[in-house]
1. In debye, nearest 20, what is the charge dipole magnitude of region 83-205 about its Cα centre with +1 on Lys and Arg Cβ and -1 on Asp and Glu Cβ, if you could check?
2. Please give the calculated 222 nm ellipticity per residue for the chain, where each DSSP H segment of at least 4 residues contributes -39500 (n - 2.57) and the sum is spread over every residue; nearest 500 deg cm²/dmol?
3. So, with +1 on the Cβ of K and R and -1 on the Cβ of D and E, and no other charges, what is the size of the charge dipole of region 118-285 about its Cα centre, to the nearest 20 debye?
4. Would you mind checking which residues have amide H under 5 Å from VAL36's amide H? H placed 1.01 Å from N; only 5 or more apart, or other chain.
5. Suppose a student asked you for the relative contact order of region 118-285, using Cα pairs under 8 Å spaced at least 6 residues apart; what percent would you report?
6. How large is the charge dipole for region 166-230, taken about the Cα centre, if only the Cβ atoms of Lys, Arg (+1) and Asp, Glu (-1) carry charge, to the nearest 20 debye?
7. Mind pulling the angle between the C-alpha long axis of helix 132-149 and the longest principal axis of the chain? Nearest 10 degrees, somewhere in 0 to 90.
8. Counting only Cα, what are the radius of gyration and maximum Cα-Cα distance Dmax of region 67-156, in Å?
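Just so it is clear, none of the values below were taken in a lab; they were calculated from the coordinates. None of these values were measured; they are calculated from a predicted model. When we count neighbours, we look across all protein chains shown, and the Cβ atoms used for this are built from the backbone with ideal geometry, even at glycine.
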Amino acid sequence: MTFGRVLFFMLLTLFLSAMPGPGLHAAQLRLECPEVIGIGLPFVVRVESDEPLDRLRVEWAGKTLTVPGAGKKAVEFLLGTDVLKSRPGSETLRILKLGLSPLAVQTSILVEQRDFPEQRLTVPTEMASPPAAVQERIARENAEIRAVLNTVSPDSHLILPLMRPVPGEVSSDYGLKRFFNDMERNPHRGLDLRAALGDPVRAAAPGQIVLAADHYYGGRSVFLDHGLGVFTVYMHLDDIKVRQGDMVEAGEILGLAGQTGRVTGPHLHLGLYVLDLAMDPAALFFAKQSQ
């Protein structure tokens, strides 16, 4: 499936009216989302109501998200799929309007397989097959990362399209089937952008720094929380210029590009996570919000 076709499907929307069941208010919910989405891609969901929204409960891909309505009649949020964790096929998106006048609407979204090429890299042996001495460190860091990415803060700071954190072109696409020293590993679940050692790395959108640490694989890394389960991650930095708890705006410098962790040279690895699902950030360099 070509990237152009993927973007085309992201722009296609489906408007559905909620059918009131027993005990439900006769008002309506309208749901705008893609009918088809390529695996590993994010997409914007828009929900509109005839009356002010209090809270929405979102059920998608085994995940649950509560979205505050704040008295508005329309809200938008981000969902998507993961090249490693998701599977092709039909996936149900269900929206429940909570409060005194509950409503529900649901639709099926077809998750389409995408073909990804192979990438073969040569790295130091300890980065392809870590020795026993560092396994505990890797497990501890993975647990720390999972705890962060499974956190859902209630206030959304996300602004689309995402700003490119460095001006360099893409050097490794999302989804590549990766082999390190001829050993197959997990697919590439982020986007590598060309950057020289010491180039400033900027925030792709406003948010809060929730983790700034030095990891075995990711090297010096910054995790930026944009709210409602959305995070961007900046890896392999030479230096980190922010601290945990800092609020940053789009374009603020988070650190300097480097070659720390498992790398073959200086670059920036940009990750995008929604509800702990890793997605292709490239699509959001062009995405738009209607509010």
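1. Working: 16 positive and 15 negative charges, 70 e Å.
Charge dipole of region 83-205: 340 debye, to the nearest 20.
2. -3000 deg cm²/dmol
3. 180 debye
4. Under 5 Å from the amide H of VAL36 lie the amide H atoms of LEU110, each far enough along the sequence or on another chain.
5. On the way: 430 pairs, mean separation 44.3, N = 168.
With pairs under 8 Å counted, the relative contact order is 26 percent.
6. Computed charge dipole of region 166-230: roughly 60 debye.
7. 30 degrees
8. Cα radius of gyration and Dmax of region 67-156 are 20.3, 60 Å respectively.
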